[in-house]
Amino acid sequence: MLTLEQFKEARNVLQGVLRPTPLIHSPYLSKSCGNNVYLKPENMQVTGAYKIRGAYYKISTLTDEEKARGLVTASAGNHAQGVAYAAKVAPPLSSCPPPPPW
């Protein structure tokens, strides 16, 4: 389990990489649920999802040896997009080869 300090470290690492996504109060959902409901529009991230958060932070914690071995993801969705974007903007992981032709 991550500690509060690790969350704060991740926030600092991600500043300048992520787009701000402030909470938005939803009057309709709040009324429907009988409580205050807030939405966090992570679809506004450059990759269209929140997955960039975990992907970029994980890449930032890799050792030089781990980075030299490369990076592989087994996803064709939001996680893959997050990893590809993170690899693009987090040197020295600066390229994502195309998939094999098979």
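If the condition is being touching a helix residue (DSSP H, G or I) at 6+ places or on another chain (Cβ under 8 Å) and more than 21 Å from residue 90 (Cα to Cα), then the range 39-77 contributes only 39.
Is the range 88-99 home to any residue that is under 30 Å from residue 26 (Cβ atoms), surrounded by 12 or more Cβ atoms within 10 Å (Cβ to Cβ), at pLDDT 80 or above and aliphatic (A, V, I, L, M)? Looking through the range 88-99, none of the residues is under 30 Å from residue 26 (Cβ atoms), surrounded by 12 or more Cβ atoms within 10 Å (Cβ to Cβ), at pLDDT 80 or above and aliphatic (A, V, I, L, M). The set of residues from the range 11-38 being in contact with a helix residue (DSSP H, G or I) (Cβ under 7 Å, 6 or more places away or on another chain), in a loop (DSSP other than H, G, I, E, B) and either touching a residue at least 40 places away in the same chain (Cβ under 8 Å) or farther than 22 Å from residue 54 by Cα (or both) comprises 17, 36, 37. Checking each residue in the range 74-91 for being in contact (Cβ under 8 Å) with a residue 12 or more places away in the chain and of a type in the set (S, T, N, Q) picks out 78, 81. One residue alone among 14, 18, 62, 39 is surrounded by 11 or more Cβ atoms within 10 Å (Cβ to Cβ) and more than 17 Å from residue 86 (Cα to Cα), and that residue is 39.
The values are calculated or read from the model by the stated rules, or taken from the named source; none is laboratory data. Predicted model only: the values in this text are computed from it and were never measured. Neighbour counts are summed over all protein chains in view; Cβ atoms, including those assigned to glycine, are modelled from backbone coordinates with ideal geometry.
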